[in-house]
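These notes concern the structure reproduced below.
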Amino acid sequence: MRRKIVAGNWKMNKSVIDAQQLMYQLLEYKKNNPTQCEVWIAPPSLYLMMAKDLFEKNEIGAFAQDMSEHESGAYTGEISAEMLESIEADGSLIGHSERRQYHGETDSHCNRKIKLALDKGLTPIYCNGETLEQRKSGQHFEVVKNQTEVALFTLTAEEIKKVVIAYEPVWAIGTGETATPEQAQEIHAHIRNILAEKYGKEVADEVSILYGGSVKPDNAKEIFSQPDIDGGLIGGAALKLEDFSKIIEAFN
Ligand code: 13P
């Protein structure tokens, strides 16, 4: 069975007090509500150690939003896979479209980061997805195929099973415009086929593929009910327990 996951990407939001408060709320919620999916958060990395201290029994996964493609050294402002390993973080988002858009990240960078993460026992959440122009011109299947191949195809079958993929069409992020469940399913199935062609169907069937882009309490159930959608990577709606918990409950 593939892992079912609801992950919250907090992006660059919240003071330390507000972050701590939401972590406590989530922990309380998780203790009192058995969930049908794993619950992960990716707070700003400044707050990751706090998350790890709070989530003592690992009830909630704690992920970085990005990590360096280098092992260590003179890379001001970066955090390494080794550092994440040393605080027992669970993994890192890699290749989020905002990293691509504002920091020039490419799939080759993603490939190096994913390798480093796996070498340190971290779970990479590899994000991909097409822009609005690419969708409008009918290139979305090709774009996602290329992204997937460049970022992932140097991995072994054992490694690929440890990767979580998040399909996040750029035009649906923070816009309130969601891919329809059918549009999302179509690309998720496409990604799984690409993996199956390279690694075989059994391996491809083990890889969790999350959907991200304006997932909200009122559309989560329909999106998650699609056969190749194994959960969500949630932005705005992950910032309040009220919304995030309803999305988690879409799996119940
Ligand atoms: P929104 O849910 O705010 O559209 O953000 C999605 C996202 O980028 C998650 O990584």
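Points worth noting:
- In order through segment 8-13: 3J(HN,Hα) via Karplus (6.51 cos²θ - 1.76 cosθ + 1.60), integer Hz, x for Gly, Pro: x, 9, 6, 6, 9, 10
- Net +/- balance of residues flanking Leu46 in space, Cβ distance below 15 Å, scoring K and R +1, D and E -1: -1
- Note on the chain: the alpha carbon radius of gyration divided by the globular reference 2.2 N^0.38 Å gives 0.94.
- Membrane-span-like helices of the chain, defined as complete DSSP H segments with a Cα extent of 15 Å or more along the helix axis and a mean Kyte hydropathy of at least -1.0, are identified as 16-32, 107-119, 140-152, 181-199.
- Normalised contact order of segment 81-136, rounded percent, pairs of Cα under 8 Å and 6 or more residues apart: 46
- Of the residues His140, His103, His190, His96, the one with the fewest other Cβ atoms within 10 Å heads the list, and the complete ranking is His103, His190, His140, His96.
- Dipole magnitude of the chain about its Cα centre (Cβ charges: Lys, Arg +1; Asp, Glu -1), debye to nearest 20: 200
- Residues whose placed amide H lies under 5 Å from that of Trp40, excluding near-sequence neighbours: Val6, Ala7, Gly8, Gly61
- Above-threshold pairs, the threshold being 22 Å between Cα atoms, out of Lys4/Lys221; Lys4/Lys30; Lys11/Lys113; Lys14/Lys120; Lys115/Lys136; Lys14/Lys221: Lys14/Lys120; Lys115/Lys136; Lys14/Lys221
Values quoted throughout were computed directly from the atomic coordinates according to the rules given, and no laboratory measurement underlies them. Keep in mind that what you see is a predicted model, and the values were worked out from it rather than measured. Cβ atoms come from the backbone with ideal geometry, glycine included; neighbour counts cover every protein chain shown.
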